[in-house]
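Derivation of every value follows stated rules applied to the coordinates shown; laboratory data play no part. Treat the numbers as computed from the prediction; the structure is a model and nothing was measured. Cβ atoms come from the backbone with ideal geometry, glycine included; neighbour counts cover every protein chain shown.
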Amino acid sequence: MMQTEERKDIKSMTLPELTEALEELGEKKFRAKQIYQWMHQKLVRSYAEMTNIGGTLQHKLEEHFKFTNLNILRMQESKMDGTRKYLFELEDGEVVESVFMRYKHGNSVCISSQVGCRMGCRFCASTLDGLARNLTPSEMLDQIYAISLHTGERVSNVVVMGTGEPMDNFDNLIRFIQLLTDENGLHISQRNLTVSTCGLVPKIYELADLQLQITLALSLHAVTDEKRRTLMPIANQYSIDELMKACAYYFEKTGRRITFEYSLVGGVNDTKEDAAGLIGLAAPLHAHVNLIPVNPIKERDFVQSEERAITAFRERLEKNRVNATVRREMGRDIDGACGQLRRRHMENKDETNASPCP
């Protein structure tokens, strides 16, 4: 048992790290690249599937390295648009969820970065039970790998916008990005990767200094500190002014335009005054605004803005030269909001044992 706990997480290792580890075990350098590509290109689920490395090395790998695989507990497919929502079981019995979406420009997967979340945003189901733990890079990656294998389709875009605050799991997030975009792995372009944050200001600066080419999406949701504090506890720590300075720094360091995520809550943040305030924040940064009709969750009393209010809000932004889109609602018939499927599973845990996904 002790040996299992000490085994390194092989799927979270970079190619140079794996090369060094194998050399320490007396193996040749080229073996590392073979193993790395089996895991990150061919997406095998075990050492036994690595057919060109031999039984002796397979046994050695089993002895020294744990191999992370997520188990699909449940999959729900939308009858409306084919969106698939996956519930994954982790090695320790915790569960996370991911979403597979088909678009004209390619398939997109939205992954979780933590088990639960401690940010406390009022309209989000993910945070209702707090934070259990961070996900490892391999657990983040394997959401994508498992979905690719299950659908038989290539994933070209990844969004870290599921359960959890990615910036609250910063080191694992950066390593995940490094592995996902590595030319010896899936080699997904950094430009096809979006990371969402509710606004951990110091981490935005830290991310900017890395000068990655990813898209940073800021969950803004309100244009005054007072209103934002009622929706997002993080606003008690960092003001909108501090946030905007961090976003300007990110844009300056990376040349990448920020996206403002703005969940429209009926009667709360969808007024003319809100639109004017959002224009004042977005225009100087040339930010793109993604308007999100909020997904109602039974634990909260927020309701979605009416369709005409959403349209009027978007038109006000566009008339003032702020690029805005309304996020296409996907998977509303399959527990669409972040954290809903996981929460329902936890509520039913005692009475329902989910069978493995076909």
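So what does the Cα-only Debye profile of region 2-66 read at q = 0.23, 0.29 Å⁻¹, as log10 I(q)/I(0), no solvent term? Taken in order of the listed q values, log10 I(q)/I(0) reads -1.02, -1.63.
Find the all-direction average of the projected area of the Cα convex hull for region 147-203, expressing the result in square nanometres with one decimal place.
On the way: hull surface 18.0 nm².
Over all viewing directions, region 147-203 projects a mean Cα-hull area of 4.5 nm².
Label positions at K33 and A248, each projected 7 Å from the Cα along the C-beta direction, are separated by 4.7 nm. When the chain is treated as a Gaussian network with alpha carbon springs shorter than 10 Å, the biggest mean-square fluctuation among R257, R314, R31 belongs to R31. Estimated from helical segments only, the mean residue ellipticity of the chain at 222 nm is -11000 deg cm²/dmol, where each DSSP H run of four or more residues counts as -39500 (n - 2.57). Note on region 123-171: along the principal axes its Cα atoms extend 34, 26, 17 Å, ordered by decreasing extent. Taking the alpha carbon gyration tensor of region 171-307, multiplying each eigenvalue by 5 and rooting it gives semi-axes of 28, 17, 14 Å, largest first.
Would you list E24, E165, E91, E242 from fewest to most Cβ contacts within 10 Å? Spell out each step's value before the answer.
Numbers: E24 9, E165 26, E91 12, E242 15.
Taking fewest neighbouring Cβ atoms as first place, the list is E24, E91, E242, E165.
Projection of the Cα convex hull of the chain, averaged over all directions and equal to a quarter of that hull's surface, yields 18.9 nm².
Cβ-to-Cβ counts within 10 Å put I234, I53 in ascending order as I53, I234, the fewest first. Distances over 15 Å make up what percent of all Cα-Cα pairs in region 186-239? The proportion of pairs with Cα distances above 15 Å equals 53 percent.
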